[in-house]
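Taking it in order: structure first as structure tokens, then the write-up.
Throughout, read-outs are computed from the coordinates displayed, never taken from laboratory work. Not measured: the values here are computed from a predicted model. Positions of Cβ are backbone-derived with ideal geometry, glycine not excepted, and every protein chain shown enters the neighbour counts.
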Amino acid sequence: MRRNIVLIGMMGAGKTAIGTDLSRKLHLPFVDTDAEIERAATMSITEIFARDGEAFFRARDRRC
């Protein structure tokens with residue numbers, strides 16, 4: 001059975017740092033949804049917000 005751990009919180013709360021450490025300690029893969037969104041959009045989160053707005057980013061975030 002595959003289990004996932006999902007970290008949620010405000011921007012800048014440390015989700016990526018904690019997720020990276022946790023995945024290393026538990027020997028699980030780590031997926032950063034912001035990085036996945038940036039890769040798919042071929043632009044940074046800042047650029048996505050400026051060009052397409054927060055609603056567009058949130059829609060992509062929900063799909064991850």
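All but one of (1) surrounded by 11 or more Cβ atoms within 10 Å (Cβ to Cβ); (2) aliphatic (A, V, I, L, M); (3) assigned to a helix (DSSP H, G or I) hold for residue 17; which doesn't?
The one condition residue 17 does not meet is (1).
Which residue pairs have Cβ atoms under 9 Å apart, sit 6 or more places apart or on different chains, and have a first residue in region 35-49 that is within 15 Å of residue 62 (Cα to Cα) and a second that is surrounded by fewer than 11 Cβ atoms within 10 Å (Cβ to Cβ) and basic (Lys, Arg)?
That search, which allows pairs on different chains as well, returns 37/63.
Would you please list the contacts, defined by Cβ atoms under 9 Å and residues six or more apart or on different chains, that run from a residue in region 4-22 that is under 16 Å from residue 35 (Cβ atoms) to a residue that is of a type in the set (Ser, Thr, Tyr) and not in a loop (DSSP other than H, G, I, E, B)?
Close Cβ pairs (under 9 Å, with a partner that is of a type in the set (Ser, Thr, Tyr) and not in a loop (DSSP other than H, G, I, E, B)) amount to 7/16.
Here is a list of conditions, (1) closer than 17 Å to residue 7 by Cα; (2) within 12 Å of the chain's Cα centre (by Cα); (3) assigned to a helix (DSSP H, G or I), and residue 57 meets all of them except one; can you say which number that is?
It fails just one condition, (1).
Residues 43, 11: which one is part of a loop (DSSP other than H, G, I, E, B) and surrounded by fewer than 10 Cβ atoms within 10 Å (Cβ to Cβ)?
Step by step, each of 43, 11 is checked, and only 11 is part of a loop (DSSP other than H, G, I, E, B) and surrounded by fewer than 10 Cβ atoms within 10 Å (Cβ to Cβ).
Give me the residue from region 13-54 that is within 13 Å of the chain's Cα centre (by Cα) and among the polar types (S, T, N, Q) and, out of that set, farthest from residue 2 (Cα to Cα).
The selected residue is 44.
Is it true that residue 30 is assigned to a loop (DSSP other than H, G, I, E, B) and at negative phi?
So residue 30 passes the test.
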